Amino acid sequence: MKRLSIISFLILLLFQTACREEFGKTLFGPDKTVAPEETTDKKLVFVNTTEVSDISSAGEITVDPVDVIFSSAQPIGQTKDVTVSAKLKDGKMSMDNVFYLNVLEEETILSTFKDNAGYGVDFLPETAYKLVNDMVVFEKDGKNAVNSCSIRITNSQSLQINKDYLLAIQLETVPGFNIEETNKIVFIHVKRKGGSGEMEGAADFRPMSGDDKLDADGVDKGINRNNLYYETDEIDGLNSLSACTIEGLIYVDSFKDESERQDGTLGGISTLWGYEESGSKVNFLLRFGDASVSTNMLQLVVNDNKYIINYKFKEKKWYHVAMTYDGTEIKFYIDYRERFSTNYSGNISLAGNSFNLGQSFNQWRGFNGKMSEVRIWNVSRTMKELKDNALDVISLDEEKSKLLAYWKMNKAMVGSDNKMIEDISGNNCHITVKRQGASGSSVEPVVVIDNDIDINI
């Protein structure tokens, strides 16, 4: 009887060992009980979930860096999270699986990043980040992970002002899965920037709270009826430029409906910068939409020449946009990446009878969103200059001689009775808030600023 019990124990031990090791195969999961997938060709996709709630709609991670930018004016200890997850390209999990994140610190990573991004970096100090969760979990029959992993970046004293840092996080795969080389690492670029030290802010171009009145004269089309816009009459320095740059941060709350492109009055247009009036030549205009342009794509007009920027913007997302001109070529950038270029010669004028932000031609073509950090320069800025100064001009005193106008859009101008935003370039191109529609309206426009924002491009 005793002999039989020993044999039974050995059989049980062998059975448990087989379950755990599956005849030599490495098992996975916290308790090492999950067998690897039987297939060997399932494609895993590493995704960035920072700005989405649904993993299935998250975009794939690429070699382009994710930027985490702090201002020197922001408090030490402030944090920003980057969240990542994964999904299957095709098919679904046949059993539970766990994939881990791993911090990479090989020197070759720095040179690879510099080759791709165009600028050098140092590894982010350990005091400036934390992996809050490093496990991407899939459940059986799932196509998307059931969670996102958080990478917390801290505004630390260990970050030197205006120095570029890199945190490289790799998604580790297990047997039975593969992942493309250009998709397996999230490059997080971190910077603590100097500059004016002023608070962040953005001018809101949408109707003021409670402003639902109809215009006293004019047809009510119900489209951007009461939106705010800004205008400057100080335009002498904005015209006949042999070189220039106009740039700014924009946030579209909502685009016009595509059906409005067929309406000649509406044109499906949301105007950003420039000036247009009926029967006059258009010196410069940047706007979303037109009869032949989708309402979420930009059209650039220079001396009546129309160019389409082939990029589809998304609602409720901050972008940095810029046009540069060096005397021979016009270039257009979105988030510091060149998206359009064309040969051009002769001087460029950016204004007509005035220069407007958020309005042109008629009262129905306003901009439904927010703007910040709008600047006009008398030089063609480089890609690196655009990127490094996107949220604030780092060395404002040194740069002022190149600035024609600079509207931070973070507060109303002192002494303006809440009607103007100051031009801090020193050139007195202050802008005055106005309201789309009839000038005789009983609703008086005022500057509306949102300071409760965290612009991170």
Output the residues belonging to segment 390-402 that are free of Cβ contacts under 8 Å to residues at least 40 places away in the same chain and either buried (at least 18 other Cβ atoms within 10 Å of the Cβ) or not polar (S, T, N, Q) (or both).
-> 397, 398, 399, 400, 402
Any hit, segment 441-454, residues being among the acidic types (Asp, Glu) and at pLDDT 95 or above | no
Restricting attention to segment 304-321, and to residues there that are of a type in the set (A, V, I, L, M, F, W, C) and within 23 Å of residue 51 (Cα to Cα), which single residue is surrounded by the most Cβ atoms within 10 Å (Cβ to Cβ)?
-> 321
Which of the residues spanning segment 417-439 are free of Cβ contacts under 8 Å to residues at least 24 places away in the same chain and not acidic (Asp, Glu)?
-> 439
Members of segment 153-170 that are modelled with pLDDT of 95 or more and either more than 24 Å from residue 181 (Cα to Cα) or part of a loop (DSSP other than H, G, I, E, B) (or both) = 153, 154
Every pair of residues 6+ apart whose Cβ atoms lie under 7 Å, when the first sits in segment 53-71 and is among the charged types (D, E, K, R) while the second is outside any strand (DSSP E or B) = 60/183; 67/456; 67/457
Taking strands (runs of 3 or more DSSP E) that do not extend beyond segment 270-380, which have at least 2 residues that are farther than 19 Å from residue 405 by Cβ and either in the same structural domain as residue 233 (by TED's automatic domain parsing) or modelled with pLDDT of 95 or more (or both)?
-> 284-290, 293-302, 305-309, 318-325, 329-334, 337-343
Quick check: anything in segment 120-129 loosely packed, with under 14 Cβ neighbours inside 10 Å, under 20 Å from residue 63 (Cβ atoms) and touching a residue at least 40 places away in the same chain (Cβ under 8 Å)?
-> yes
If you go through segment 37-59 one residue at a time, do you hit one that is at pLDDT 90 or above, hydrophobic (A, V, I, L, M, F, W, C) and either assigned to a loop (DSSP other than H, G, I, E, B) or outside the structural domain of residue 131 (by TED's automatic domain parsing) (or both)?
-> yes
Hey, does segment 337-347 have a residue that's surrounded by 22 or more Cβ atoms within 10 Å (Cβ to Cβ), within 15 Å of residue 246 (Cα to Cα) and hydrophobic (A, V, I, L, M, F, W, C)?
-> no
Tally, over segment 381-405, of residues that are part of a helix (DSSP H, G or I) and either under 24 Å from the mean Cα position of the chain (by Cα) or under 17 Å from residue 189 (Cβ atoms) (or both) = 7
Mind listing whichever residues of segment 136-174 are closer than 21 Å to residue 79 by Cα and either assigned by TED's automatic domain parsing to the domain that holds residue 386 or aliphatic (A, V, I, L, M) (or both)?
-> 151, 153, 159, 161, 166, 167, 168, 169
Segment 123-152, residues that are part of a strand (DSSP E or B) and either closer than 15 Å to residue 44 by Cβ or touching a helix residue (DSSP H, G or I) at 6+ places or on another chain (Cβ under 9 Å) (or both) = 123, 135, 136, 137, 138, 144, 149
Counting only residues that are at pLDDT 75 or above, within 30 Å of residue 61 (Cα to Cα) and small (Gly, Ala, Ser), segment 189-215 contains a total of 2
Return the only residue of 323, 383, 371, 297 being among the aliphatic types (A, V, I, L, M) and without any contact (Cβ under 8 Å) to a residue 40 or more places away in the chain.
-> 297
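The values are calculated or read from the model by the stated rules, or taken from the named source; none is laboratory data. This one's a predicted model, so the numbers in the text were calculated from it and none came from an experiment. Reconstructed Cβ throughout: ideal geometry from the backbone, glycine too, with neighbour counts over all protein chains shown.
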